[in-house]
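Colleague: The structure's right below; bear with me while I get my questions together.
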Amino acid sequence: MSRRLFAVPAVVTVVALGLSGCSGGAAAGSTSSPGASGGAKIKVVASTDVWGDLAGTVGGEKVEVTSIITSPDADPHEYEANTRNQLALADAAVVLENGGGYDDFMDRMLKSAENTSATVLNAVTISGKKAAGGEELNEHVWYDFPTVAKVVDQIQQAYAKAAPGDASTFQQNAAALKQKIEALTQEEATLKAKYDGQPVAITEPVPVYLLDAVGLQNKTPDEFSEAIEEDTDVPAKVLNETLQLYSRHEVKLLAYNAQTTGPETEKVLTAAKQNNIPVVPVTETLPSGEDYVGWMSANLTAVGAALGQ
Ligand SMILES: [Zn+2]
């Protein structure tokens, strides 16, 4: 039930619509204030603050980014868009969505925004990843650094198209960001050299691209993590198998999605703690006060610290 936090009551939506109608009046271009100068910023809408942060880093002062999902306390899979989101999207020059079924509300809103000429970037599509035979594609592609670098390239190109005069700025910003992403990839390789093949566990497939890159083997039964992600019941037998990973000390760490919790994940968390298995908290949106690179760097540090215990 706590997953429904995002649903916005109709009354609030109406108020938000009224407010943005007032403050956004200048957007039509009829009455820009005398003090306004320096050119209009490129308006960008991202489905989550993860993609929004990357979009902001590439654009710097030349862009105005609206991230729709920013709460670290609720499950983004459950998000329901509102009128304010729709208005922001209709006005955007560049739209960033995750794709892969993660944020379908974006596509629904794009369909309703009849006159949008926005460049739409879909991270899963850009990743080029395809679901392997019979398996579902892991849509948490922002934990995959090669994908993130590709998305950064596409953001840069979309901005250059929207504001050709600033193309070199976007190119420099993107290059600096990609250098930091490359450093994260190096860190993964360093950890892999030390910990390749070590067994680990998850509650949800959120960080699996990162764990894979470090060479770690996810021992969690697929039936468990799929049930958690899809919000269905975990069969008792599967839950027991999962809990045994901890009681028998078969895994070196638990990567725990703090944004999708319930009775079963609580049991897993308790089992890990009782058996002194280190817990690495992971999330689907930015922790407050973090940017993308700082967040991922902290994730890698936490994984390394847990494996070193
Ligand atoms: Zn998820």
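Colleague: Counting Lys +1, Arg +1, Asp -1, Glu -1, what net charge surrounds Leu307 among other residues with beta carbon under 12 Å of its beta carbon?
Modeller: Here the count lands on +2.
Colleague: Can you tell me the 0 to 90 degree angle between the C-alpha axis of helix 292-307 and the longest principal axis of the chain, rounded to 10?
Modeller: With both axes taken from Cα atoms, the answer is about 0 degrees.
Colleague: So which GluC sites (Glu not before Pro) in the range 67-143 are both in a DSSP loop and have at most 16 other Cβ atoms within 10 Å of their Cβ?
Modeller: For GluC sites (Glu not before Pro) across the range 67-143 that sit outside H, G, I, E and B with at most 16 neighbouring Cβ atoms in 10 Å, the list reads Glu80, Glu114, Glu135, Glu136.
Colleague: Quote the accessible area belonging to Thr66 in square angstrom, nearest 10, computed with a 1.4 Å probe and with ligands, DNA and RNA left uncounted.
Modeller: Result for Thr66: roughly 50 Å² accessible.
Colleague: Now, a different point. Per residue of the chain, what 222 nm ellipticity follows from adding -39500 (n - 2.57) for every DSSP H run with n ≥ 4, rounded to the nearest 500?
Modeller: My calculation for the chain gives -15000 deg cm²/dmol from helical runs alone.
Colleague: Give me the accessible area of Thr116, 1.4 Å probe, in Å² rounded to the nearest 10.
Modeller: Roll a 1.4 Å probe over it and Thr116 shows about 40 Å².
Colleague: Could you tell me the center-to-center distance, by alpha carbons, between the range 143-159 and the range 59-102 in angstrom?
Modeller: Cα centroid to Cα centroid, the span is 17 Å.
Colleague: Now, a different point. To the nearest 10 square angstrom, what accessible area does Glu182 show with a 1.4 Å probe?
Modeller: 90
Colleague: Using a 1.4 Å probe on the protein chains only, how many percent of the accessible area of the chain belongs to carbon and sulfur?
Modeller: On the way: 7520 of 15040 Å².
Answer for the chain is 50 percent, counting heavy atoms of protein chains only.
Colleague: Pick out, from Ile228, Leu87, Gln186, the residue whose Cα sits farthest towards the positive end of the charge dipole of the chain, with +1 on the Cβ of Lys and Arg and -1 on the Cβ of Asp and Glu.
Modeller: Going by the Cα projections, it comes out as Gln186.
Colleague: Right, next: Find, among the trypsin sites (Lys or Arg not before Pro) in the range 232-262, those assigned to loop by DSSP (not H, G, I, E, B) with at most 14 other beta-carbon atoms within 10 angstrom.
Modeller: Arg248
Colleague: Check the straight Cα-Cα distances from Lys130 and name the lysines below 22 Å, setting aside those fewer than 8 residues away within the same chain.
Modeller: Lys150
Colleague: Next up: Which one of Thr185, Thr48, Thr270 has the biggest mean-square fluctuation once the chain is modelled by GNM with Cα springs under 10 Å?
Modeller: Of Thr185, Thr48, Thr270, the Gaussian network model singles out Thr270 as fluctuating most.
Colleague: Right, here's the next one. Per 5 Å bin, what is the whole-percent P(r) computed from every C-alpha pair distance within the range 19-184?
Modeller: 1, 8, 17, 20, 20, 16, 10, 5, 2, 1, 0, 0
Colleague: Roughly how many Å² is the accessible area per residue of the chain, as a whole number, for a 1.4 Å probe?
Modeller: 49
Colleague: Name the aspartates and glutamates eligible as straight-distance cross-link partners of Lys192: C-alpha to C-alpha under 12 Å, and not fewer than 8 places from it in the same chain.
Modeller: Asp212
Colleague: May I pose another question? Tell me the net charge near Ala236. Cut-off is 15 Å between Cβ atoms, Ala236 excluded, with +1 for each Lys or Arg and -1 for each Asp or Glu.
Modeller: Working: positive: Lys237, Lys267; negative: Glu223, Asp233, Glu241, Glu264.
Charge balance near Ala236 sits at -2.
The values are calculated or read from the model by the stated rules, or taken from the named source; none is laboratory data. Note that this is a predicted model, so its numbers are computed, not measured. Heads up, the Cβs are rebuilt from the backbone with ideal geometry, glycines too, and the neighbour counts pull from every protein chain shown. Please note that ligands, DNA and RNA were not included when accessible areas were found on the heavy atoms of the full protein model with its side chains. Shrake-Rupley method; radii C 1.70, N 1.55, O 1.52, S 1.80 Å.
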